[in-house]
Structure formats: C-alpha cells, structure tokens
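**Student:** Have a look at this one.
The values are calculated or read from the model by the stated rules, or taken from the named source; none is laboratory data. From a predicted model like this one, the values you see are computed outputs, not experimental measurements. Positions of Cβ are generated from backbone atoms using ideal geometry, with glycine treated the same way; all protein chains shown enter the neighbour counts. Side chains included, ligands, DNA and RNA excluded: accessible areas come from the protein's heavy atoms. Shrake-Rupley method; radii C 1.70, N 1.55, O 1.52, S 1.80 Å.
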Amino acid sequence: MSTRFEEIDWRPTPLGDISLRRRRDPASGDDVYEVKLGDEFLMSSLFTAGEVALARLGLAQLPDADLDIAVGGLGLGYTAQAALDDPRVRSLIVVEALGEVIEWHERHLVPLGARLASDPRCLLVQGDFFAAVGDPRGLDPQSPGRRFHAVLLDIDHSPRHVLNPRHAALYQSSGLRALADHLRPDGVFALWSNDRPDEQFTSTLAECFAAPEAHVVDFANPLQGGTATNTVYVARKK
C-alpha cells in the first residue's frame, strides 16, 4: 500500500515545471498517477478511456498486418500501450517533447513504463512533434522521410485549447496537409480532444482528409459524479 500522497518527481522544463504525483484513491484504494505542468493537470491514470480509444479507433480502419504507427505525446503511455496491444502493429514511434517524461517510463516510475520500455517494437523519441510535422525529414530521426499507416495525436487539450500558441497552426488546413504528407496512402490521422465535437474543426479536417468523424467517448467521472466525455477525431488520407 502506498502513502496517501507522494510527489515522485519534479523538474523545471522549458514548458514550465512538470511533476509526477501518486496518490491513493480513497474510494478504491488504488494508486492514481497524475502529471501536472505548472498548476495545470495534464493527465491522470484515473481517466484513460479517451487515450485508449484514440488508438483503437485510429487503428480500426487499417489493413490486417504490419502496421507502422506514430504517436504524438507520451504522457502516461496509455495510447502507446493500446496501440502495441494490437497484434497488427509491427513498429511504434512516440514523439515526446520532454525527456523527463520519457525518463519516467525508462525508470519504471509510471504503471506502463516497464512494458513500453521493454517492447522491441516501441521507440521513444524526445522531440518537437509540431516542428517535425513541418520538416521533410519527418517524425522518425532514424529514418528521414518515413511514412506511417497512422498518426495518433494527444498533446493539446483540443484544437482550440493548445498548450503552446505555436501548436495552433497544426489544426489549420496548411498544418493538417503537412501532417498528411507523413502518412502512407489511405493512412489515418486520429486526434484526442477534451472538448465536445467541434464542427468547425471537423470541416477543416474535411478539406485535407476523407470522411472525418468525431467519436464521443463516455466514461465515468468519480471525482465529479456522473459521466464525462472526450472526443476522438478520425480521418483517412485522401
């Protein structure tokens, strides 16, 4: 049994102070892991349905085997692990801006760290996902110009609520077209959002991708009571 509250790690970063905390859920007695950037909560292991759905919905329309997947944002690793749980995936690269977050996984400080760090299909790369999208060398520093069957993105709160103002360009037509260049023919782009479906963003997606869909993911919220929602956008390259 863990202590009731523990700050496992705290670091200053170019984006602000980041911390990894563990607390005991009084209702279940389980350990809950939380990531904060400054005073803002980025992720909690108590709420992972949307992150898992991002991988499952994004991969659902792809071929039967030998999939190469890229993930933008590591967090606590739930999207990455859900992708690796799909037996069709042969390789996964995760682009994470903060080396501290990657280190948490490599040091097994987070629940999925040991599994991700030991899976030979998984490569954790420190880098700026948004800069890489605009760079012809692409998302994999070991293989410039590499294209993927799917790109799964979970970094910002939503297309309208970004962590850094320069991220906003990705969610415009020009940014989405640049992202599509890193996909294979008929590849899939999937995006997690904490907001309800945004018709304006779905319309922007439709300018660059075929038949975009906004999936609402419901999950229980024991902190507030009742049900909360995330949105997962899924679109196929034209």
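**Student:** List pairs: first residue in segment 134-154 and touching a residue at least 24 places away in the same chain (Cβ under 8 Å), second residue assigned to a loop (DSSP other than H, G, I, E, B) and open to solvent by 30 Å² or more (accessible area, probe 1.4 Å) anywhere in the structure, Cβ distance under 6 angstrom, at least six positions apart or on different chains.
**Tutor:** Qualifying pairs under 6 Å: Gly138/Gly145; Gly138/Arg146; Asp140/Arg146.
**Student:** Let me ask something else about it. How about segment 102-135: which of its residues are within 13 Å of Gly72 (Cα to Cα) and in a helix (DSSP H, G or I)?
**Tutor:** Listed by number, the residues that qualify are Ile102, Phe129, Phe130, Ala131, Ala132, Val133.
**Student:** Something else: Go through segment 191-215 and report how many residues are aliphatic (A, V, I, L, M), touching a helix residue (DSSP H, G or I) at 6+ places or on another chain (Cβ under 7 Å) and surrounded by fewer than 16 Cβ atoms within 10 Å (Cβ to Cβ).
**Tutor:** 0
**Student:** Here is a check on your reading of the model: is Ala168 assigned to a strand (DSSP E or B) and either open to solvent by 60 Å² or more (accessible area, probe 1.4 Å) or in contact with a Gly (Cβ under 9 Å, 6 or more places away or on another chain) (or both)?
**Tutor:** No.
**Student:** Looking for whichever is in a loop (DSSP other than H, G, I, E, B), touching a His at 6+ places or on another chain (Cβ under 8 Å) and not acidic (Asp, Glu) here; the options are Gly145, Gly138. Which one fits?
**Tutor:** Gly138
**Student:** Please work out which residue is nearest to Gly134 (Cα to Cα), limiting yourself to segment 216-228 and to residues that are among the small types (Gly, Ala, Ser) and open to solvent by 50 Å² or more (accessible area, probe 1.4 Å).
**Tutor:** Step by step, filter segment 216-228, then rank; the result is Ala220.
**Student:** Which residue out of Leu109, Leu67 is of a type outside the set (Lys, Arg), closer than 28 Å to Phe209 by Cβ and modelled with pLDDT of 95 or more?
**Tutor:** Answer to the selection: Leu67.
**Student:** Report yes if Arg236 is loosely packed, with under 15 Cβ neighbours inside 10 Å and at pLDDT 95 or above, otherwise no.
**Tutor:** no
**Student:** So Asp156 ticks every box in (1) farther than 15 Å from Val94 by Cα; (2) more than 13 Å from the chain's Cα centre (by Cα) but one. Which box is left unticked?
**Tutor:** Result: Asp156 passes all but (2).
**Student:** Filter segment 85-101 for residues that are of a type in the set (Gly, Ala, Ser), open to solvent by less than 50 Å² (accessible area, probe 1.4 Å) and not in a helix (DSSP H, G or I) and give the result.
**Tutor:** Residue satisfying the conditions is Ser91 alone.
**Student:** Residues being farther than 17 Å from Ile155 by Cα and of a type outside the set (A, V, I, L, M, F, W, C): count how many of those fall in segment 5-38.
**Tutor:** Going through segment 5-38 one residue at a time, the tally reaches 16.
**Student:** Is it the case that Thr231 is hydroxyl-bearing (Ser, Thr, Tyr) and either in a helix (DSSP H, G or I) or open to solvent by 20 Å² or more (accessible area, probe 1.4 Å) (or both)?
**Tutor:** Here the answer is no, as Thr231 does not meet what is asked.
**Student:** Give the residues of segment 71-114 that are over 26 Å from Ala131 (Cβ atoms), under 17 Å from the mean Cα position of the chain (by Cα) and charged (D, E, K, R), sorted by residue number.
**Tutor:** Matches in segment 71-114: Asp85, Asp86.
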